[in-house]
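Take a look at the structure below.
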Ligand code: LLP
């Protein structure tokens, strides 16, 4: 099931609400989230990984409703700041089901995590060990994991690869930094090391790197047992499960991934005579991405040379992904039928720079004109969560649809929002 969104399959409605109606009622640009699809994706994970703990990676997209859906479907949460953590906990997310990540946790992040009783904190650097132990205090107790870099290259783009030693996250397995940090953590009575963590990267579309990573991580767990006599009960394999942004692209099949990871884990553990640890996974994109659609209205159309530029009322301030990672989306005309022959178009945003391109080389009806509506499928992850205030355009609202009804979850950012922060002269 979990490959393309319903809109991607040719529908013009999300959650049984026509997208044109949403555009009329809430304005554009707007992000639309299908509550049913988010929940269904959570359930797919729960049934694919029945023995594992599934944590939704909040960085993909978080608001209070999202926290409720994910909580109610039995998932935990991966957060990487006090902001994500406090939003989730104040929305009623159980803190003990939350894992805090971060390569540079601030004193505020750590204070919030300890105050709210976060389930586990993932240690990412040697300097964090003593700092965290001191913050917990003598006689205190905190569960921790260690982020290990297994030395495996995977992921959809250089900027989102985290499995090798040439990037900032985690402690290297190959040069021994991970082993050294683990020894130090085991010497801190107030820190309980529950297991190891690794995250290979994002937008990974094959199973193989996960299997190699499982083998290496189990190897390290066996060495920890041999060296320290400690059998760690947990193994967190991170997220990174890829989705299809355009028709014909490959998504990682979650059921296959789960089955093959489980087999690899059981076999690797058997070979090392190690008790099988409890598995954790942290999908973000694959839960939220395909459940979202971005809606834009066309503001201007022009032909320059061979190029048809279609400019919409949003752009890199609500979706920086094409500019950052060269991602290709598949925008579609919605709201009217057109029999005009297709033109190859470049869909651009409204911002003050030439790199503000949302999609290039897309086929759109040749009679596309200002006022038309475009829908961009697979827009639920890493778009609004990475949106900015560039050009004071304001971030779009989030509309949830479920059972034929649309409701506003997050309102549009207004000029008053910008003004209210601008407090000095
Ligand atoms: N766990 C950890 C520790 C992570 O760092 C991440 C993502 C995830 C889980 C979730 O990964 P996912 O399943 O969503 O791939 N902004 C980029 C993606 C950055 C991902 C950062 N970490 C993009 O738009 O492609």
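The values are calculated or read from the model by the stated rules, or taken from the named source; none is laboratory data. Because the structure is a prediction, the values reported are computed rather than measured. All Cβ positions, even for glycine, are placed from backbone atoms using ideal geometry, and neighbour counts span all protein chains on display.
Here are some notes:
- Looking only at segment 75-97, residues that are part of a loop (DSSP other than H, G, I, E, B) and within 16 Å of the ligand (Cβ to nearest atom) come to 3 in all.
- Each residue in segment 155-166 was checked for being assigned to a loop (DSSP other than H, G, I, E, B), more than 7 Å from the ligand (Cβ to nearest atom) and either over 19 Å from the mean Cα position of the chain (by Cα) or modelled with pLDDT of 90 or more (or both), and 4 of them qualify.
- Selected residue (only one of 337, 275 is outside any strand (DSSP E or B), touching a residue at least 24 places away in the same chain (Cβ under 8 Å) and surrounded by fewer than 19 Cβ atoms within 10 Å (Cβ to Cβ)): 275
- Residue within segment 52-59 that is surrounded by 18 or more Cβ atoms within 10 Å (Cβ to Cβ) and in a helix (DSSP H, G or I) present: yes
- Of all residues in segment 291-303, those that are within 16 Å of the ligand (Cβ to nearest atom) and in contact with a helix residue (DSSP H, G or I) (Cβ under 7 Å, 6 or more places away or on another chain) total 1.
- Test: residue 387 is buried (at least 20 other Cβ atoms within 10 Å of the Cβ), in contact with a strand residue (DSSP E or B) (Cβ under 7 Å, 6 or more places away or on another chain) and assigned by TED's automatic domain parsing to the domain that holds residue 325: no
- Residues of segment 102-132 classified as in contact (Cβ under 8 Å) with a residue 60 or more places away in the chain and either surrounded by fewer than 18 Cβ atoms within 10 Å (Cβ to Cβ) or assigned to a loop (DSSP other than H, G, I, E, B) (or both), total: 1
- Hey, residue 142 in contact (Cβ under 8 Å) with a residue 60 or more places away in the chain and assigned by TED's automatic domain parsing to the domain that holds residue 221 or not: no
- Counting the residues of segment 236-260 that are in a loop (DSSP other than H, G, I, E, B) and within 16 Å of the ligand (Cβ to nearest atom) gives 14.
- Take the conditions (1) closer than 16 Å to residue 275 by Cα; (2) surrounded by 16 or more Cβ atoms within 10 Å (Cβ to Cβ); (3) away from the ligand (no atom under 16 Å from the Cβ); residue 233 misses just one of them, which is (2).
- Selection status of residue 151, under 20 Å from residue 194 (Cβ atoms), away from the ligand (no atom under 14 Å from the Cβ) and assigned by TED's automatic domain parsing to the domain that holds residue 238: no
- Taking strands (runs of 3 or more DSSP E) as the structural unit, those lying wholly within segment 368-425 and holding at least 1 residues that are free of Cβ contacts under 8 Å to residues at least 60 places away in the same chain correspond to 405-410.
- All positions within segment 180-213 that are part of a helix (DSSP H, G or I) and closer than 29 Å to residue 141 by Cβ: 180, 181, 182, 183, 184, 185, 186
- Residue 217 passes every criterion in (1) surrounded by fewer than 21 Cβ atoms within 10 Å (Cβ to Cβ); (2) under 27 Å from the mean Cα position of the chain (by Cα); (3) over 21 Å from residue 104 (Cβ atoms) apart from (1).
- From the list 163, 155, 139, the lone residue that is surrounded by 13 or more Cβ atoms within 10 Å (Cβ to Cβ) and at positive phi is 155.
- Criterion applied to 363, 356 was being more than 16 Å from the ligand (Cβ to nearest atom) and within 27 Å of the chain's Cα centre (by Cα), and the one residue passing it is 356.
- The residues of segment 133-148 that are more than 16 Å from the ligand (Cβ to nearest atom) and either in contact with a strand residue (DSSP E or B) (Cβ under 7 Å, 6 or more places away or on another chain) or in a loop (DSSP other than H, G, I, E, B) (or both), listed by number, are 133, 136, 137, 138, 139, 140, 141, 142, 143.
- Hey, residue 240 in the same structural domain as residue 78 (by TED's automatic domain parsing), under 27 Å from residue 329 (Cβ atoms) and without any contact (Cβ under 8 Å) to a residue 24 or more places away in the chain or not: no
- Filter result (out of contact with any helix residue (DSSP H, G or I) (no Cβ under 8 Å at 6 or more places or on another chain), over 13 Å from residue 294 (Cα atoms) and not in a loop (DSSP other than H, G, I, E, B)) within segment 304-334: 304, 307, 308, 309, 310, 311, 322, 323
- Unmet criterion (only one of (1) in a loop (DSSP other than H, G, I, E, B); (2) farther than 23 Å from residue 62 by Cα) for residue 364: (1)
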